[in-house]
Every structure is written in C-alpha cells, then in structure tokens.
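For reference, the structure discussed in these notes is given below.
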Amino acid sequence: MVVWLFLLIIVFVPLERVFGVHPQEIFRKSFLVDLGYYFLNSLLPSMLLIVPTAFIAWTFHSLVPRGLHSWVAGMPLWARLAAALVVGESGFYWGHRWMHEMPLLWRFHAVHHSAEEIDWLVNSRAHPFDIVFVRLCGLVPMYALDLTQPMMGKAVDVAPLFVMLVGMMWGFFVHANLRWRFGWLGLFVTTPAFHHWHHTNDEHVNKNYASMLPVMDKLFGTWHMPKKQWPSKYGIDAPMASGLAAQLIRPLLPHDVHIVSLNRRTSLHRP
C-alpha cells in the first residue's frame, strides 16, 4: 500500500500542478483524513467481502444452468473480461445510484461527497460500508452470469479481480484535479470532467453515476456533461465531522443530519 501510494503521488501530484482545474494546495483540508481512508479502505472492504462473495459464488454456481457454465468457460479470456466489465459496471451504476436515492444508504455515501476540494486522494474517502455495498452490486450480476470463474476452477478469479483493479485505479484518475475531457472519447469512458460534475453541490446534483462507462448514464437519463463549464462548488449541505473515527461512526447513529441533506437533493433534483 505504501508503494502504491508513493507511485500515485509521483503520477498525480505533478499532473495536478500543471493541468489543475482549481488551484489548491497539495496538503489541502482533510488531506490527512483522506490518507487514513486510503489505508483503511485498502484492507477492510476486501476482508468484509470474503464471506458474502463466497456465498454468492456458491449460490449462483448451483442455480446457473450447466449449459451457461460450459458456454462461458469456452469464451476467450478477453471476451469474458469485456463482458464482466460491462455487466459489473451496470451493477456498480445502480448500487451507486441507490446510495444517493435511499436515505439509509446516503448516510454512508455522504462521507465521500462531503469533500469540498477534489483531487486523486478523494477516491479513497469513503465509508467501508459504502464500498462493500457498491462492490457487491457489481459482483452479483457477474456471478449470476457465471462470468467470474467458470466451472468453479481452482485458478484465480481473473474477471472480478480485473474489474476491481481497473475500477480502483480509474477511480483515482477521475477524481483527480485535472482539466481533461478526452473529446469524443468521453462518450465511451469516464473522465475527470465527467466525475467532477457528479460531486457538484448545485442544481446539477445526482448525475453521472457511472464509474467507467458513461453510457450507463446515457441509458438511464442521468448524464450531465457541459462542454466547457466546471462545477463551482463541491460537498454537501449538512455538516460533516472532521475526524476519521467520527465520520465512520456518524452514519450508524440515529437521526443523522445527512438525511436532511439527502431529502433536499432528492426532492429538488432527483433525475
């Protein structure tokens, strides 16, 4: 984790200095808290996913017709990886969207959206429950269609590992403080410009849920991508605790104030 952190710093800090959208300090407000999330979320969500993922794999292996097992097992690896990426992305999209639309789930997701300055490290700023829930939403359809490890072999589950690693690394990129749009390629892959609009705290909230494939937002009516504008402010309306421990505990408490913030967002701007 330390090596990866060092590599991420080497890559993104110079890029954000040269191509930054908003001028901001490297050691911005909440930098140390987000650094704590980096280490926490590099370990805890994966550990929490072991049992439910094993149960899901065992369940769907017994439910999926054997003909589908054989057909998927015969697919070239590249085709299976591509299919897993698309199927997983559909699950990630809806899991992410539910995080915004369901008050109980928003309690946890508000931690991520409370960042008022956006850069590459904000990708790590999330409650572990948030990460576990969204990842499960992507893993379930992959296992349901047997795109993970056909025939329950003893080899490494290549497809979900590929999807998770690519998604994690791409998450650092789309959160980066970079003024990159990719032109027409932005129709096929998410960019910093695309995802910054997801973090806006103005009349355009609740848009751009896709993690890698923006076609999901096109299909379900949540696309928002102005050609030149950038968000003027980020964050949420409700106050957020400043410390890591307090942020982890806050969603578990009754009558969380973030529900008020969600109600305003969903009632006025729900897609």
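The values are calculated or read from the model by the stated rules, or taken from the named source; none is laboratory data. This one's a predicted model, so the numbers in the text were calculated from it and none came from an experiment. Methodologically, a virtual Cβ is constructed for each residue, glycine included, from the backbone with ideal geometry; neighbour enumeration extends over all protein chains shown. Protein only, heavy atoms only, side chains kept; ligands, DNA and RNA dropped before computing areas. Shrake-Rupley method; radii C 1.70, N 1.55, O 1.52, S 1.80 Å.
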Revision key, fill the gap. With -39,500 (n - 2.57) per DSSP H segment of 4 or more residues and division by the full residue count of the chain, the 222 nm estimate, nearest 500 deg cm²/dmol, is -18500 deg cm²/dmol
Point to revise | Per-residue SASA entry for Tyr37, accessible area with 1.4 Å probe, Å² rounded to 10 | key: 0 Å²
**Study point:** Segments 117-124, 220-227, 185-192 sorted - mean Cβ within 10 Å per residue, highest first
**Key:** 117-124, 185-192, 220-227
Review point. Computed from these coordinates, which is semi-axes √(5λ) of the Cα gyration tensor in Å: (1) 31, 21, 19; (2) 36, 22, 17; (3) 26, 23, 18?
Key: (1)
Review point. How many lysine pairs does the chain hold where the Cα atoms are under 20 Å apart and the two sit 8 or more places apart or on different chains?
Key: 7
Exercise for review: Using +1 at the Cβ of each Lys and Arg and -1 at the Cβ of each Asp and Glu in the chain, identify which of Met225, Ala159, His69 lies farthest towards the dipole's positive end.
Suggested key: Met225
Exercise for review: Run the dipole for the chain about the Cα centre, Lys and Arg Cβ at +1, Asp and Glu Cβ at -1, nothing else charged, and hand back the magnitude in debye, nearest 20.
Suggested key: 320 debye
Point to revise | Accessible area (Å², per residue) of the chain, counting only protein heavy atoms and a probe of 1.4 Å | key: 49 Å²
Exercise for review: Express in Å², to the nearest 10, the accessible area of Lys218 obtained by rolling a 1.4 Å probe over the protein heavy atoms while all chains stay in place.
Suggested key: 110 Å²
Study note, to complete from the structure: Applying the span-like rule to the chain (DSSP H, Cα extent along axis at least 18 Å, Kyte-Doolittle mean at least -1.0) gives 2-19, 44-63, 77-101, 128-144, 158-175
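Take the solvent-accessible surface of the protein heavy atoms, probe 1.4 Å, and return the percent of it on the chain that carbon and sulfur atoms account for.
73 percent
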Check your understanding: What relative contact order, as a whole-number percentage, does the chain give when Cα pairs under 8 Å and 6 or more residues apart are counted?
Key -> 23 percent
